[in-house]
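For reference, the structure is listed below as structure tokens.
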């Protein structure tokens, strides 16, 4: 009897796994349909939107907790493609690309690739966004400058930028009525020798 019960239990395991996966997949499909209806897009586009949002949430939160939550000052060297965060004697360097900017005076967003003041090499990470926008019919990835939909628009756009560029997180620098959004990656803490080289 014990052997028969064990065999029966083992036979039930694949069935249980199938049922769980079936309902999980069905739930995910329903959520995707809801997203598609909410944004008025196809399920393919909704899938891309959801993937970009989820990837952004994961990357930004984990990166912020580890690297961006505590620093005294920052320095951005666009020609060198570096962001340097200083905390006491500790310097952390990131690779950096310019994503875009917000002008708070007229509440508009401008992609870096549309800004004549941003060199092409500094906005290379977002250069594929126009093609992605054309593929999925997303105008805000194709237009260089447009009004903000709301205060969360830059972060919404950042989800696409992170997914397409494969960068790690977003860093924001503020100056007067301007907010500058940067894509960052590859953090490394400098040694004493490396800090001396950086100073020179």
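Brief remarks follow.
- Chain lengthening between residue 173 and residue 135 when straightened (0.36 nm per residue, less Cα-Cα): 10.6 nm
- Theoretical gain in end-to-end length, residue 142 to residue 106 [0.36 nm per residue, Cα-Cα removed]: 11.0 nm
- Between segment 167-192 and segment 84-106, the alpha-carbon center distance in angstrom: 3
- A Förster distance of 41 Å, applied to the separation of the beta-carbon atoms of residue 87 and residue 54, puts the FRET efficiency at 0.85.
- Taking every Cα-Cα distance in segment 112-179 and sorting them into 5 Å bins from zero, the calculated P(r) comes out as 3, 14, 25, 31, 20, 5, 1, 0 percent.
- Rh by Kirkwood over Cα pairs, then Stokes-Einstein D for segment 72-199 at 0.692 mPa s and 37 °C, µm²/s: 214
- Residue separation of residue 42 and residue 64 scaled by 0.36 nm, minus their Cα-Cα distance, works out to 4.7 nm of gained length.
- Sorting 63, 94, 156 from the fewest to the most surrounding beta carbons within 10 angstrom yields 156, 63, 94.
- Projected-area mean, segment 67-129, by convex hull of Cα positions, square nanometres: 5.5
Bear in mind that the values in this text are calculations on the coordinates, not laboratory data. Small disclaimer: the values here were computed from a predicted structure and weren't measured. Positions of Cβ are generated from backbone atoms using ideal geometry, with glycine treated the same way; all protein chains shown enter the neighbour counts.
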